[in-house]
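One structure is given below, encoded as structure tokens.
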Amino acid sequence: MLRRRFNGKWLWAVALGATIVFAIRAFRTDDRYFDIIKSLDIYASVFRNLNTYYVDSLSPMRLMQTSVDAMTSSLDPYTTFYPEQDVSDLTFQTTGKYGGTGIAIRRESNRVIIADVYQDSPAELAGIKPGDEIEAIDGKAADTLSTEAISNMLRGEAGTTVVIQLFRPYLHQHFTIKLVRAEINIRSVPYATRLPNRIGYICLQQFTPGCSEAVKKNLDSLKNLPGGLSGLILDLRNNPGGLLEEAVKTANLFLPPGQTVVSLRGRIKSWDQTFRTTARPDDDSIPLVILIDHQSASAAEILAGAMQDLDRAVIIGQRSYGKGLVQTTYDLPYDAKLKITSARYYTPSGRCIQAVQYTHDGPYAQLADVPDSLRHTFYTSHGRVVRDGGGIEPDIPLQRHIFSEIAEDLLSSHMIFDFATHYFYTHPQPSSPHGLHFTDTDYQDFLSFLKTHHYHFQSTASQLLDQLSDEIQRQGWWENLRAQTDSLRITLHELEEQQLLTQRKDIEVLLKAEIADRYWPQLGELITTLPIDPTIQKARDILIHSQQYQAILQPHGD
């Protein structure tokens, strides 16, 4: 029995224990090394005893991952362990590519609904549409599988196959499709166009490999149009970042050689590095506006921060996310990977825009917003004041448009999504997103659709009234206040019914965007909302009026 216990599965524990004991003796003179080896010894003992004596059978791999996940999560949100089966997630984050079918799903009760189909993916080429329902995958009923399991079955190595049984509700069709998985590549530049007054517009949604070349290609195409460009809007809203090198290359499109774009400083000083522009710019004089919002992070902030510090662009929008930490990925045994926060990055003026502090002075990690008292002042090339510790603050701050409560409720209840699916199967495709018109008749159809689906909007005020009614009854005051409460409820219900008309403009924006995405995946929403986007309109105004543009970048008349 004893020999069997130490054979096979436990042999590693004996070897590790012997190594640790030897190491403890060798490094006892160094407190830090001693603490490391001591901790490893305790960890190995806990792991061994749990696997040996715990009342139920345990999965060693799951136990290991739980402990490593807890270890990394105590540091910051970006230090992450990726086991072999999750490495594709890391690849997608950094490259915008993954092997799969190009399907995004959501679960609604026992139904698994296709929420989106990526452009040019195997799913789109096979005719799969948003709103279709997955009934089975490779013979396994979808309602018996978790959302995570379904996503994992849809993903896989390019060239492999998956069989999906589908139901199309609005046509009452059941059908089966065999898909060959492919490399799904999310476009870094999904759209570029020339707006009125010869203003160029380029949307850059992620810093993936080659994105700087995509920006250059689109910029050159726009400049070659008759009349060229009088200015450029680079849209970094909702851009989560990506590769630092691509941010530097994109900056180099608009900056001459030798300009500092970003510096990295970490614990290992020999690894500190400064990234500068090295090539001739594509255009270092075109008036440039960069759009950011609270979802613009990491590499997007590197680019926006450099352009602001060097007075090369006017920044418009909302304060950026505030991620000033750099991650490095390391290979681990058995094809696992570890992504470690290894440095902070600093813009050309010397500021770090990290908005949240992660401190580890005590036994637990602490995090908090950087207080104003600890934020420092820096200066751009022309002497404008900028500050660290709070993301990139735009030169022209704009309030983010907040949709009405009923519009948000229609989104979250999927009524907008479901009606767009209904519209798609009952209307021919317009010639272009610009030709998509939502008429009074269409809106009446939408209202009828809501009634058919028994939609009722309950406002926050109604929810609070329900809570108040419950409290009144608990206090025993219901008979005294019943009439007033019922009268108020009737009035609130009438006001809620009117919201579908009073908030029609908000609702129509969402309807039109969702419908456009049915006909032109990933592009329709962007193209249809561009003409009414207030941030775009403000950017155009600044570029059209060159004196305003120059006054922002050179406030002292330099």
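We did not get these values from a lab; they are worked out from the coordinates using the rules stated. The structure presented is a predicted model; accordingly, all values stated were derived computationally and were not measured. Neighbour counts are summed over all protein chains in view; Cβ atoms, including those assigned to glycine, are modelled from backbone coordinates with ideal geometry.
Counting beta carbons within 10 Å around each of Cys203, Cys352 and listing the fewest first gives the order Cys352, Cys203. In the chain, a dipole from Cβ-located charges (positive for Lys and Arg, negative for Asp and Glu) runs towards its positive end, and of Leu332, Leu90, Val112 it is Leu332 whose Cα lies farthest in that direction.
Summing Lys and Arg as +1 and Asp and Glu as -1 over all other residues whose Cβ lies under 13 Å from the Cβ of Thr528 gives a net charge of -3.
Distance between the pseudo-spin-label points of Arg400 and Thr426 (7 Å out from Cα toward the beta carbon): 3.4 nm. Residues with beta-carbon under 11 Å from that of Phe417, excluding Phe417: net charge, scoring Lys, Arg +1 and Asp, Glu -1? Neighbourhood net charge equals -3.
Farthest towards the positive end of the charge dipole of the chain, among the residues Pro433, Gln550, Ala539, is the Cα of Gln550, using unit charges on the Cβ of Lys, Arg, Asp and Glu. Charge tally around Tyr118: other residues with Cβ under 13 Å, Lys/Arg +1 each, Asp/Glu -1 each, net 0. Based on DSSP H segments of at least four residues, each scored -39500 (n - 2.57), the chain has a per-residue ellipticity at 222 nm of -12500 deg cm²/dmol. The convex hull defined by the C-alpha atoms of the chain has an orientation-averaged projected area of 36.7 nm².
Evaluate the relative contact order of the chain (contact order divided by residue number), counting alpha-carbon pairs under 8 angstrom at least 6 apart; express in whole percent. The value is 11 percent.
For Val386, the residues whose amide H sits under 5 Å from its own are Phe378, Tyr379, Thr380, ignoring neighbours fewer than 5 places away on the same chain, with H placed 1.01 Å from N.
In the calculated pair-distance distribution of segment 99-164, the portion above 20 angstrom amounts to 18 percent of the Cα-Cα pairs.
Annotation: lysines with alpha-carbon distance below 21 angstrom to Lys451 (same-chain offsets under eight excluded): Lys505, Lys512. Straight-line cross-link reach from Lys339 at under 14 Å between alpha-carbon atoms covers these aspartates and glutamates, not counting any fewer than eight positions away in the same chain: Asp69, Asp76, Glu84, Asp86, Asp89, Asp331.
For segment 102-217, a crude dipole built from +1 on the beta carbon of Lys and Arg and -1 on the beta carbon of Asp and Glu, taken about the Cα centre, is about 520 debye to the nearest 20. Remark: the chain carries a charge dipole of roughly 2020 debye about the Cα centre, counting +1 on each Lys and Arg Cβ and -1 on each Asp and Glu Cβ. Checking the table Lys97/Lys337; Lys140/Lys178; Lys129/Lys178; Lys249/Lys337 against a 19 Å threshold on Cα-Cα, which pairs fail? Distance filter (> 19 Å) returns Lys249/Lys337. Each of Gly242, Met153, Tyr170 was scored by the projection of its Cα onto the charge dipole of segment 140-280, and the greatest displacement toward the positive side belongs to Gly242; charges sit on the C-beta of Lys, Arg, Asp and Glu.
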